[in-house]
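I have placed the structure first, in the form of structure tokens, so that the comments after it can refer back to it.
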Amino acid sequence: PQAPKTTRERQFTVKRIRPTKLPDSTFYFVFQYCCSEMAPKFQKGPDLKRFMDKRLKFSINGNRTVIGTLRGYDAFLNVVLEEAEDSDKRPIGTIVIRGNSIVHFEGIERV
């Protein structure tokens, strides 16, 4: 038999196996093989500790740019910026940017 190629095929293959007809060790091996390829259930958030208290430039949806000092973040890449300003240098103040609207960011100060 040919090895499955995608995770969905592996999940489907495991569901079709009848553990009563296979030895326990074989079922365990097949189950471990399929589950080791799947994504973990808990994923860590971004590691932005080195960017804390630094000036960053965020590009967000709609071709907008925001520059500010990073004060906080969470696992979803939601960020809190202080002394923020837009691309026209107009002050915004303290803001929260939702993580899924961030396209990319770059450090303005040396990290």
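Rule-based calculations on the coordinates, nothing more; no lab input. Predicted, not measured: the structure shown is a model, and the values here were computed from it. When we count neighbours, we look across all protein chains shown, and the Cβ atoms used for this are built from the backbone with ideal geometry, even at glycine.
Structure values in brief
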| quantity | calculated |
| --- | --- |
| Pair residue 102, residue 63: separation of 7 Å Cα→Cβ label points (nm) | 2.3 nm |
| 5 angstrom amide H check on residue 92, placed H, neighbours 5+ away | 84, 85, 86 |
| Linear extension gain, residue 83 paired with residue 95, 0.36 nm per residue minus alpha-carbon span | 3.5 nm |
